[in-house]
1. Tell me which residues, restricted to region 125-135, are among the acidic types (Asp, Glu) and either within 14 Å of ligand 2 (Cβ to nearest atom) or modelled with pLDDT under 95 (or both).
2. Could you list all residues from region 136-160 that are within 16 Å of ligand 2 (Cβ to nearest atom), farther than 13 Å from ALA37 by Cβ and touching a residue at least 60 places away in the same chain (Cβ under 8 Å)?
3. Among the residues of region 106-118 satisfying the criterion of being assigned to a loop (DSSP other than H, G, I, E, B) and surrounded by fewer than 19 Cβ atoms within 10 Å (Cβ to Cβ), which is nearest to ligand 1 (Cβ to nearest atom)?
4. Run PRO175 past the list (1) in contact (Cβ under 8 Å) with a residue 60 or more places away in the chain; (2) out of contact with any strand residue (DSSP E or B) (no Cβ under 9 Å at 6 or more places or on another chain); (3) within 12 Å of ligand 1 (Cβ to nearest atom) and report the number of the one that doesn't hold.
5. What are the residue pairs meeting all of these: first residue in region 41-63, first residue free of Cβ contacts under 8 Å to residues at least 60 places away in the same chain, second residue in a helix (DSSP H, G or I) and open to solvent by 40 Å² or more (accessible area, probe 1.4 Å), Cβ atoms under 7 Å, and 6 or more apart or on different chains?
6. Give me the strands (runs of 3 or more DSSP E) completely within region 44-105, filtered to those with at least 2 residues that are within 16 Å of ligand 1 (Cβ to nearest atom) and open to solvent by less than 10 Å² (accessible area, probe 1.4 Å), ordered by residue number.
Amino acid sequence: MATVHVLDHPMIQHKLTLIRDKDTGPKEFRELIEEVAMFMAYEVTRDLPLEEVEVETPIGPARTHVLAGKKLAVVPILRAGLGMVGGILRLIPAAKVGHIGLYRDPKTLEPVEYFCKLPADIGEREIILVDPMLATGGSAVAGVNSLKARGAQSIKLMCVIAAPEGIKAFCAAHPDIPVYTAAVDKYLNEQAYIVPGLGDAGDRLYGTR
Ligand code: PRP
Ligand code: URA
């Protein structure tokens with residue numbers, strides 16, 4: 001069974017409240033999604049391996065630590081996942097970025113892949129797959145399928161709001177992939193929107209409808 005981490009840090013929860021508010025416009029919504037993604041990335045990278053090095057401080061030698069050279073990739077599911085990338089790159093500027101284009105067919109709710117471009121060495125990278133919404137789970141499951149089919153070995157899923165239905169479906173399909181979310185909401189409505197959720201993440205980010 002996959003591990004589900006609910007990131008209840010007060011900074012994340014405060015910003016999530018502003019994100020949910022229907023009166024938050026696209027400019028502020030975009031800024032907040034980036035900020036939340038940065039805080040979440042801080043938690044998601046908590047277990048990155050370190051190695052010991054020695055540096056000279058002005059006082060003398062110090063045995064200390066640096067990241068052990070593990071290579072990272074951030075892979076947003078388009079469109080809405082794109083809104084999280086800038087915040088993560090502020091924390092991990094050397095990460096490479098791949099893109100997976102998926103949309104939910106409005107009738108069947110099945111994910112349809114229309115684009116995939118990943119770093120050539122994706123199989124050697126620790127991947128953070130990002131999408132703000134885990135609703136039915138179909139898009140995240142398809143995103144991981146796509147990554148695994150291209151050789152990905154190490155993946156974490158980072159979303160902002162998850163529905164219980166999406167968590168169940170995702171964990172059943174990919175029990176090896178840990179999930180990081182800022183909230184687990186109540187349920188999905190008839191259109192498979194998360195209740196209470198935040199509405200349509202892509203539309204709110206880009207002002208479309
Ligand atoms: C949204 C969201 C997820 C998906 C979640 O994307 O960004 O990718 O829905 O739903 P699921 O868990 O039921 O698959 P959408 O399909 O609306 O595309 P967009 O980001 O291009 O607007
Ligand atoms: N996609 C969204 O953008 N919002 C939801 O609530 C569900 C899927």
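The values are calculated or read from the model by the stated rules, or taken from the named source; none is laboratory data. Predicted, not measured: the structure shown is a model, and the values here were computed from it. Reconstructed Cβ throughout: ideal geometry from the backbone, glycine too, with neighbour counts over all protein chains shown. Please note that ligands, DNA and RNA were not included when accessible areas were found on the heavy atoms of the full protein model with its side chains. Shrake-Rupley method; radii C 1.70, N 1.55, O 1.52, S 1.80 Å.
1. Across region 125-135, the qualifying residue is only ASP131.
2. SER139, ALA140, GLY143
3. Only one residue tops the list, namely LEU109.
4. Every listed condition holds for PRO175 apart from (3).
5. Matching pairs, first to second residue: TYR42/LEU91.
6. Passing ranges, in order: 72-78, 99-104.
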